[in-house]
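S.K.: Starting off with a structure, shown below.
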Amino acid sequence: MKEYKLVMLGSGGVGKSALTIQFVQSVFVGNYDPTIEDCYRKQVNINGQVSAIEILDTAGTEQFTAMRDLYMKNGQGFILVYSITSQATFLDLQDMKDQILRVKDTFDVPIVLVGNKTDLEDQRTVSREQGIQMAQNFKCSFFETSAKNRVNVDEIFADLLKQIDKKNPDPKKKKQKESKNSKKGKCTLL
């Protein structure tokens, strides 16, 4: 069974836990209880193959930033979350992205940028255009979501899994493809 290790990052109160729980359990958790670190698992069917997703829901508060290097090192893909109602949470993501690239020691890291809380449109302080611009600068995918209304929740995880698969193709599939291609290309004279 293929396993994926995903990491949710963002400032406190942006909805990382709400998005994760909505994806894993299809439940909206409205009350804010600061996370230290929670791990969630879900089995999904991707192209007819059962895969396990492990999601590390991280602390958004400053006191736990020392733990970040460790889970950045082990993560295969990252969901960077900000609240569309808070410029500060949006601006915090640049440092988090820089830290991911430093820890991973590469510029080629699967990342999805997420502007959460679209159900609070009347309180918006970060425009959709700002999110799109940041995603272009980060060279990553961008979604606006609502954990409360389950808008684009599955899509952010599906997009990240596709990015991981593209970066790390399944060696079994690659061998199968190579053996199929070698059979097609062989010509034997009798």
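The values are calculated or read from the model by the stated rules, or taken from the named source; none is laboratory data. It should be emphasised that the depicted structure is a prediction, and the values quoted were computed from it without experimental measurement. Ideal geometry is used to build each Cβ from the backbone, glycine not excepted, and the neighbour counts take in all protein chains shown. Note: accessible area is taken over every heavy atom of the protein model, side chains too, but ligands, DNA and RNA are not part of it. Shrake-Rupley method; radii C 1.70, N 1.55, O 1.52, S 1.80 Å.
S.K.: With each label point set 7 Å from Cα along the Cα-Cβ vector, what nm distance links Gln133 and Glu3?
M.R.: 4.2
S.K.: For Glu155, tell me the accessible area in Å² from a 1.4 Å probe, rounded to the nearest 10.
M.R.: Surface open to solvent at Glu155 totals about 90 Å².
S.K.: Shifting gears a bit: Using θ = phi - 60° and the Karplus relation 6.51 cos²θ - 1.76 cosθ + 1.60, list the HN-Hα couplings for region 118-132 in order, rounded to whole Hz, with x at every Gly or Pro.
M.R.: For region 118-132, the Karplus-derived couplings read 5, 6, 10, 3, 5, 10, 4, 10, 10, 6, 4, 4, 4, x, 4 Hz, x marking Gly and Pro.
S.K.: Would you work out what percent of the accessible area of region 77-141, with all protein chains in place, is carbon or sulfur (probe 1.4 Å)?
M.R.: Whole-percent figure for carbon plus sulfur exposure: 48.
S.K.: Using the Karplus curve 6.51 cos²θ - 1.76 cosθ + 1.60 with θ = phi - 60°, what ³J(HN,Hα) values do you get for each residue of region 151-162, in whole Hz, with x for Gly and Pro?
M.R.: 9, 6, 5, 5, 5, 5, 6, 4, 4, 5, 4, 4
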